[in-house]
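The values are calculated or read from the model by the stated rules, or taken from the named source; none is laboratory data. Treat the numbers as computed from the prediction; the structure is a model and nothing was measured. So basically every Cβ, Gly included, is an ideal-geometry build from the backbone, and we count neighbours across all protein chains shown.
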Amino acid sequence: MYRKPLTYLFVLTLAFSSCAPGIFSSLRSNDMEALELGMSREHVTGILGNAYTIAEKRMEDGILVEILSYRNFPNDDEFYLFVFKDNRLEEWYRELLPQYEFRE
C-alpha cells in the first residue's frame, strides 16, 4: 500500500545525491572566480568559508606570511593554497596529492 510513494522517494533521493558533487564543485569554481589579488584574509575566508587549514605561518623580512589550505570537496586529492603577506592575498595555486601505485 505504501510501496509507490517509498519507491518515488528512493528514486528522488538517489537522483539528487548523484548530482550533489557536481553542484558543490561548481559552487567552489564560482567562489574562486570572485577572488582577487590584494584581498584581505578575512575577505577571502568570507567567500570560501572557514573550512581551511593553516598550512604555514612564518615571518619573512618582518612581514607575516600565512598560507591557508582548502580541500576542493568532493575531490579529496585536490586542494588550493592561498599565500597571504601582511594579511593580503599575494597568490594562490592548486595542488594535487600524488597517487601511488603499490605493486607486490
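Residue-wise test of (1) out of contact with any helix residue (DSSP H, G or I) (no Cβ under 9 Å at 6 or more places or on another chain); (2) modelled with pLDDT of 75 or more.
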{"residue": "1", "(1), (2)": "yes, no"}
{"residue": "11", "(1), (2)": "yes, no"}
{"residue": "16", "(1), (2)": "yes, no"}
{"residue": "22", "(1), (2)": "yes, no"}
{"residue": "27", "(1), (2)": "yes, no"}
{"residue": "45", "(1), (2)": "yes, yes"}
{"residue": "49", "(1), (2)": "no, yes"}
{"residue": "53", "(1), (2)": "yes, yes"}
{"residue": "57", "(1), (2)": "yes, yes"}
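Between a residue in region 46-69 that is closer than 15 Å to residue 89 by Cβ and any residue that is exposed (fewer than 10 other Cβ atoms within 10 Å of the Cβ) and not aromatic (Phe, Trp, Tyr), which pairs come within a Cβ distance under 7 Å, given they are 6 or more apart or on different chains?
Once the first residue is closer than 15 Å to residue 89 by Cβ and sits in region 46-69, its partners that are exposed (fewer than 10 other Cβ atoms within 10 Å of the Cβ) and not aromatic (Phe, Trp, Tyr) give 65/58; 66/54; 68/54.
Quick check on region 73-104: of everything there that is modelled with pLDDT under 75 and of a type in the set (S, T, N, Q), which residue is surrounded by the fewest Cβ atoms within 10 Å (Cβ to Cβ)?
Per the stated criteria, the residue is 99.
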